[in-house]
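Notes follow the structure.
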Amino acid sequence: MVPLLLGITLVSFVVIHLAPGEPTDLQTQLNPEISAELQQRLRAQYDLDRPLLVQYGKWLGRLVRLDFGDSFSQDRRPVTAKIAERLPITILINVLSISLILAVAVPVGILAAVRRNSPFDRLTTLLVFIGFATPSFWLALLLMDLLGVRYGLLPVVGLKSLGYDYLSFPGRVLDILRHLVLPVFVSAFGGLAGFSRYMRANMLEVIRQDYILTARAKGLTERRVIGHHALRNALLPVITILGLSVPGLIGGSVIFETIFAIPGMGKLFYDGVMMRDYPLIMGILVIGAILTLIGNLLADLGYALADPRIRRG
Amino acid sequence: MSRALSRCRLLRWLMTFCCLLAIGACDRRDQELSVQAEDAPPAAGDTILIGSGADAVTLLPVLASDSTSADINGLVYNGLVRYDKNLEIEGVLAESWEVSEDNRVLTFHLRRDVLWHDGAPFTADDVLFTYELLVDPETPTAYADRYRQVAEAQVLDRYTFRVRYYEPLAPALISWAFPVHPRHLLEGVELTRTTLASRPVGTGPYRLVDWRRGERIVLEANPDYFEGPPYIHRVLYRVIPDSTTMFLELQSGGLDYMGLTPLQYAMQTDTPAFRRRFRKYRYPAFAYTYLGYNLQRPLFQDRRVRQALSYAIDKQEIIDGVLLGLGQVADGPYTPGSWVHHPQLRQYDYNPGRARELLAEAGWSDGNGDGFLERDGRPLAFTIVTNQGNDQRVKAGEIIQRRLAEVGVQVRLRVVEWATFLNEFINPGNFDATILGWSGGIDPDVYNVWHSSKTGPGELNFIGFKNEEVDELLEQGRRTFDLQERQRIYRRFQEILAEEQPYTFLYVPESLPVVAARFRGIEPAPAGIMYNFIRWYVPAEEQKYHR
């Protein structure tokens, strides 16, 4: 895993440096107050005048000491601090949203498969595809206008009310929950289609198998046949997808965070790329890479758990 | 728009700082509305919630170069001088100043009653320290160049500060509007590591009490402020990146102040309910958008072609289409109505017939009947490049594209991400024409944009404009202190630009702030509305936030 990680960092490092522009641009370009000499001095301060490999070596040297360096933006704060203040909320929303997706998509997928071509199947298919096709920013704005502005039921943006600090503990929890309703719903809505269709397709595949026929022939209840024998096998590919979505836990969506004014990882990364804030970009990419590798590992372990053949094999 | 103009920032801190981008008068109807109950007596208290599209980056002014940081630093720190409501220079930390006979020495007499937020007294040493900080090669600041013209800076006594310049420099005085930094907290400290960047200590009317990154910044009134404590007790900046969301939040009562987009101003705020709860203001920004021609290209070396293109573009149509009428036609680099603006410039009103004539004079004709002009078998075609993320520029480009096609000019439009745009197109001079904007300082010195010595790679005269008379005028202009004389110089400069049309000046956008109706004491002036922010108040019975 370590050589793989090293390869990932080298490729990312080179690629982001290939993009035109430099971190100092935003400060210096098209700014009448800046002379060429000053630009050179700023570049030198960031080591940008050194060869790329030297820069990579320095960065790697710090990384092995678990130091991601300081951000290149003018605040020069440590990358870890910037990531740390954004990570909790991103993970919270993603975990809630994935849980919601699973809680809805798995039963819907199973039922749709079991009652294939029934009105329920058709209706849910239609609904999840509408969800899939709905632009999340549009849906978010409509819901904000309706529930936030017209009816005043839910807060429009952010995570906490202005008076949050004056609330009691249960009041605070309630306040955050109220703020989370829209973001979690909107982010889950678009993801329903994928999961429920997967679940449905897998289930259809599985219930055609001989062992399901056998199970039925044994006289097991339909409930046991579907819930025990079929579900386990149908879940395998879903575990793969879940494993793949582990790195997604720290990645937010820029559009979504921008709309809801949630200071999350997506916006941090996007702004970092736009400013060519190399240490920050690399920091997030490394964490993402590590999580991807861990996700793969977890998926493998998950298979073993769900499928005795792999465990013994 | 914030992103649009903020990208190109001539002296932006000066603007945001001293007057928060502004000049002009406010919308008539809104003015009438604002007369109601203006007589309620001032009272201290309440909170103003300000919507901001981006979080501040650093609250150390010497390092900051983004507009949110500049806004907040403007409330936390003071400069020696600032622009007043009529855009004339007045003293802040400096009580008075003298300019020597030869215009090379400035002597500032400082106020004696100023304290830093931590209680330490403010002295001339702080000013000297700030100057040294700015010119220190180790300081990664974007503001050093203007202070490098200083030959010598010295502290004469505890409250007197003197600078001597190598040569007379007209914009020198206002450059001392730069926030003064506290010496006692910063001396010997590594600038990029200091906690002052997130916990600033200034002399200004507000001090920072809380900063949650990406979420909000809270400022509280400084009770010891030397111009008297501000009425509004607390200022809360809320970071809401999306302007539609911000507008929804404004309507739901979560914001008291934001800058509207032209669409919101014109189409979404014209309801009785909105007018009851908020007041809108509009005044021209110190900025303009232009179509600049790369004068290295043979096509654009013919002045008649540039003039023809200016005639073929309907500027009012762009203003109506892109800004929904909330802007005015630009005819040069200065905002119409400012003292330096030339009122009788040659105008290029929409006139496709004249455009065709000029192009024909320059030898362009439609030989093969395809609707586009050619000369020597080469079609009259070029590409306009502009940056991504600025919808107004892209739309303006599309309108220009269509109008120019009508006179037989084939235009392609290319939209490129900002860093790529600069590094691959603008800096190497690898473009035909570009739509960009300058947001200008209030001082008319535009040496860096128009002087022929500034055409090198990465410099601002990237269209390669070279004119000996302009060079001379610009050099004279920045050495002249007499206002009448300066006006004469810059008017001549505008006449040359109007004749040469190196840019087709398109429009001056407007600042469109909206403020909750409970705030009183707002007096629109040439400097906008924010210049007297510390005198805004909410009558006691209308105050909304009590803790």
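I need the full set of residues from segment B:443-491 which are away from chain A (no Cβ under 14 Å) and either in a loop (DSSP other than H, G, I, E, B) or in contact with a strand residue (DSSP E or B) (Cβ under 7 Å, 6 or more places away or on another chain) (or both), in order please. Let's see the steps before the verdict.
Restricting attention to segment B:443-491, the residues satisfying the condition of being away from chain A (no Cβ under 14 Å) are B:452, B:464-473, B:475-477, B:479-491.
Once the filter is applied, which keeps residues that are away from chain A (no Cβ under 14 Å) and either in a loop (DSSP other than H, G, I, E, B) or in contact with a strand residue (DSSP E or B) (Cβ under 7 Å, 6 or more places away or on another chain) (or both), segment B:443-491 yields B:464, B:465, B:466, B:467, B:480, B:481, B:482.
In the set A:252, A:283, only one residue is in the same structural domain as residue A:139 (by TED's automatic domain parsing), of a type in the set (Gly, Ala, Ser) and within 18 Å of residue A:85 (Cβ to Cβ); that residue is A:252.
Give me the residue from segment B:339-374 that is of a type in the set (Ser, Thr, Tyr) and outside any strand (DSSP E or B) and, out of that set, surrounded by the fewest Cβ atoms within 10 Å (Cβ to Cβ). Explain how you work it out, then say what you get.
Going through segment B:339-374, the residues of a type in the set (Ser, Thr, Tyr) turn out to be B:348, B:350, B:365.
Still in the running and outside any strand (DSSP E or B): B:348, B:350.
Details: B:348: 23, B:350: 15.
Among residues in segment B:339-374 that are of a type in the set (Ser, Thr, Tyr) and outside any strand (DSSP E or B), the one surrounded by the fewest Cβ atoms within 10 Å (Cβ to Cβ) is B:350.
How many residues does segment B:420-452 contain that are hydroxyl-bearing (Ser, Thr, Tyr) and closer than 18 Å to residue B:500 by Cβ? Can you show your working first?
Residues of segment B:420-452 hydroxyl-bearing (Ser, Thr, Tyr): B:420, B:434, B:439, B:447, B:452.
Still in the list and also closer than 18 Å to residue B:500 by Cβ: B:434, B:447, B:452.
Matching residues across segment B:420-452 total 3.
Taking segment B:394-417, which residues are more than 14 Å from chain A (Cβ to nearest Cβ) and either under 23 Å from the mean Cα position of the chain (by Cα) or touching a residue at least 60 places away in the same chain (Cβ under 8 Å) (or both)? Matches in segment B:394-417: B:394, B:395, B:396, B:397, B:399, B:400, B:403, B:404, B:406, B:407, B:409.
May I ask you to verify whether residue B:508 is within 26 Å of residue B:313 (Cβ to Cβ), within 14 Å of chain A (Cβ to nearest Cβ) and modelled with pLDDT of 90 or more? When the stated conditions are applied, residue B:508 does not pass them. Any chance segment B:64-85 includes a residue that's acidic (Asp, Glu), under 17 Å from residue B:176 (Cβ atoms) and either surrounded by fewer than 23 Cβ atoms within 10 Å (Cβ to Cβ) or modelled with pLDDT under 85 (or both)? Yes: one or more hits. Taken together, the residues in segment B:213-253 that are within 18 Å of residue B:57 (Cα to Cα), surrounded by fewer than 21 Cβ atoms within 10 Å (Cβ to Cβ) and more than 8 Å from chain A (Cβ to nearest Cβ) amount to 1. Against the numbered list (1) farther than 28 Å from residue B:263 by Cα; (2) touching a residue at least 24 places away in the same chain (Cβ under 8 Å); (3) among the small types (Gly, Ala, Ser), residue B:440 comes up short only at (1). Screening residue A:259 against (1) touching an Asp or Glu at 6+ places or on another chain (Cβ under 7 Å); (2) buried (at least 20 other Cβ atoms within 10 Å of the Cβ); (3) farther than 23 Å from residue A:183 by Cβ leaves a single unmet condition, (3).
For segment B:198-212, the set of residues classified as in a loop (DSSP other than H, G, I, E, B), surrounded by fewer than 23 Cβ atoms within 10 Å (Cβ to Cβ) and within 14 Å of chain A (Cβ to nearest Cβ) consists of B:198, B:199, listed by residue number.
Cβ separations smaller than 7 Å between residues 6+ apart or across chains give no pair from segment A:134-156 residues that are facing another protein chain (nearest Cβ under 7 Å) to residues that are basic (Lys, Arg) and in a helix (DSSP H, G or I). Checked against (1) assigned to a helix (DSSP H, G or I); (2) more than 14 Å from every other protein chain (Cβ to nearest Cβ); (3) at pLDDT below 95, residue B:420 meets all criteria but (2).
Inspect all residues belonging to segment A:172-184 and state whether any of them is assigned to a helix (DSSP H, G or I), among the β-branched types (Val, Ile, Thr), farther than 21 Å from residue A:141 by Cβ and assigned by TED's automatic domain parsing to the domain that holds residue A:95.
Within segment A:172-184, the first condition is being assigned to a helix (DSSP H, G or I), and the residues that meet it are A:172-184.
Restricting the remaining residues to those that are among the β-branched types (Val, Ile, Thr) gives A:173, A:176, A:181, A:184.
Next cut, farther than 21 Å from residue A:141 by Cβ only: A:173, A:176.
When the remaining residues are screened for being assigned by TED's automatic domain parsing to the domain that holds residue A:95, the result is A:173, A:176.
Yes.
Among the residues of segment B:423-442, those that are over 18 Å from the mean Cα position of the chain (by Cα), within 9 Å of another protein chain (Cβ to nearest Cβ) and surrounded by 18 or more Cβ atoms within 10 Å (Cβ to Cβ) comprise B:423, B:426, B:427.
Tell me the strands (runs of 3 or more DSSP E) entirely within segment B:216-299 that contain at least 1 residues that are out of contact with any Ser or Thr (no Cβ under 9 Å at 6 or more places or on another chain).
Per the criteria, B:216-221, B:257-259, B:287-293.
The set of residues in segment B:334-369 being hydroxyl-bearing (Ser, Thr, Tyr) and either in contact with a Gly (Cβ under 6 Å, 6 or more places away or on another chain) or over 22 Å from residue B:304 (Cα atoms) (or both) consists of B:334, B:335, B:338. Note on segment B:187-197: among residues that are more than 11 Å from chain A (Cβ to nearest Cβ) and touching a residue at least 24 places away in the same chain (Cβ under 8 Å), the one that is surrounded by the most Cβ atoms within 10 Å (Cβ to Cβ) is B:196.
The values are calculated or read from the model by the stated rules, or taken from the named source; none is laboratory data. Just so we're clear, the structure is a prediction, and the values are computed from it rather than from any experiment. Reconstructed Cβ throughout: ideal geometry from the backbone, glycine too, with neighbour counts over all protein chains shown.
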